[in-house]
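Scroll down for the structure; my scribbles are underneath it.
What follows is calculated from the coordinates using simple rules that are stated; it is not laboratory data. Since this is a predicted model, take the numbers as computed values, not measurements. Counting neighbours? That spans all protein chains shown, and the Cβs are built from the backbone with ideal geometry, glycine included.
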Amino acid sequence: MSSRTRLTFHIALPTKPTKLTIQITDPRSTTANNLALATWGSSEIFANQLQLLPVPDFTATGPGTEIFPILELGAGTGLVGLSAAAIWCQRVCLTDLGPIVPNLEANVQVNADMLAGFGGSAVCGVLDWDVPDARILECGGANDGMMGRARVILAADTVYSEEHPALLTKAVMARLERGERARLVMCHPLRIGYLDHIRDLWARLEEAGLVCVLEGRESLDQSWEEDTPYEWCVWRWREELWQQQRV
Ligand SMILES: C[S@@+](CC[C@H](N)C(=O)[O-])C[C@H]1O[C@@H](n2cnc3c(N)ncnc32)[C@H](O)[C@@H]1O
């Protein structure tokens, strides 16, 4: 399993050759669920893939609406969510387990000016997938209202135990906007030991009414010294579901 405690990441932008520079505060001393905090390979792949994905439709999200633009689950150091905030010029809520959030908060602070320059912004808070309806602590500010559902949910490398498919599905069901513009975007390494969990997650998402509309595979560059392919995928609600809800 590849991870990094590197502190600066350069992420591809649609306006090549300029790159986005994301600063990550040193996370090594932080752990949750016996996992030391680090930036995982999925995050780097996913962050660099964002500029190639169709830009989600963020109409009618943000202040004055009940829909938050972007929510990241299991954000870790926040590389993906911070990149999305800059690339899509939106407000992102980075979430993870309690012990991880202080470092996320530090990463929000250190990148705040950069995000503002792109027209994006970030907040963060606790969201345990097992208690997905709980109020996300830091997202009740005046500009955010109560954090309810999100137009776009992001998740990188969040399937590495047999409990995760059910927990993630529960969190997505609780937090993804019910509508035609909602998107779930994920990336995970295709590690042999976790393939059954990933298949299980796909089956549960399909059972819950989501359909994968775009997917692809990428590999890390040689500096990571890893051959594992990474799969990214974009999901939306099955058309008949949101049409039924509109009636
Ligand atoms: C392998 S790390 C990936 C972190 C980051 N997305 C990345 O790719 O660098 C998995 C993340 O999921 C978080 N996580 C695990 N179980 C969780 C749960 N039940 N609720 C919320 N987050 C959880 C962990 O704390 C960790 O930050």
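Rounded to the nearest 0.05, what FRET efficiency do Met173 and Val55 have when you use their Cβ-Cβ distance and R0 = 35 Å?
0.90
Calculated from DSSP H runs of 4 or more alone, at -39500 (n - 2.57) each and per residue, what is the 222 nm mean residue ellipticity of the chain, nearest 500?
Computed mean residue ellipticity for the chain: -8500 deg cm²/dmol.
Could you give the semi-axes, largest first, of the ellipsoid that matches the range 78-126, computed as the square roots of 5 times the alpha carbon gyration tensor eigenvalues and rounded to whole Å?
Semi-axes (√(5λ), whole Å): 18, 10, 7.
Could you check the simple spin-label distance between Gln23 and Glu240, using points 7 Å along Cα→Cβ, in nm with one decimal?
5.3 nm
Counting Lys and Arg as +1 and Asp and Glu as -1, what is the net charge of the other residues whose Cβ lies under 10 Å from the Cβ of Phe58?
Residues near Phe58 contribute +2 overall.
Tally Lys/Arg at +1 and Asp/Glu at -1 over every other residue whose Cβ is under 10 Å from the Cβ of Arg151; what's the total?
+1
Would you mind pulling out the separation of the Cα centroids of the range 40-101 and the range 146-189, in Å?
Here the two parts' Cα centres lie 11 Å apart.
Be a star and scan the range 94-135 for residues whose amide nitrogen sits under 17 Å from the point 7 Å along the Cα-to-Cβ vector of Ala208.
Within reach of a label on Ala208, which here means backbone N under 17 Å from a point 7 Å along Cα→Cβ, the range 94-135 contributes 95-97, 127-135.
Assign one of three labels to the range 93-232, namely rounded, prolate or oblate, based on the Cα gyration tensor with a ≥ b ≥ c the square roots of its eigenvalues; rounded applies when a/c is under 1.5, prolate when it is not and a/b is larger than b/c, and oblate otherwise. Don't skip to the end; give the middle numbers.
Numbers: a/c = 1.70, a/b = 1.26, b/c = 1.35.
It comes out oblate by the Cα gyration axes.
Treating only the Cβ atoms of Lys and Arg (+1) and Asp and Glu (-1) as charged, compute the dipole magnitude of the chain about its Cα centre; round to the nearest 20 debye. The partial results should precede the final answer.
Values: 21 positive and 31 negative charges, 118 e Å.
The calculation lands at about 560 debye.
Could you sort 151-158, 199-206 so that the peptide with the highest average Cβ count within 10 Å comes first and the rest follow in order?
In decreasing order of mean packing, 151-158, 199-206 become 151-158, 199-206.
Can you give the translational diffusion coefficient of the range 53-96 in µm²/s, computed by Stokes-Einstein from the Kirkwood radius over Cα pairs at 25 °C and 0.890 mPa s? Mind dumping the intermediate values first?
On the way: Rh = 10.9 Å.
Rounded to a whole number, D works out at 225 µm²/s.
Would you please state the base-10 log of I(q)/I(0) at q = 0.10, 0.13 1/Å for the chain, with intensities from the Debye formula using one equal scatterer on every alpha carbon?
Rounded to two decimals, the profile gives -0.42, -0.75.
Along the Cα→Cβ direction, 7 angstrom out, place labels at Leu97 and Ser223. What is the inter-label distance in nm?
Calculated label separation equals 3.0 nm.
Taking only C-alpha pairs under 8 Å that are 6+ residues apart, what is the relative contact order of the chain in percent?
17 percent
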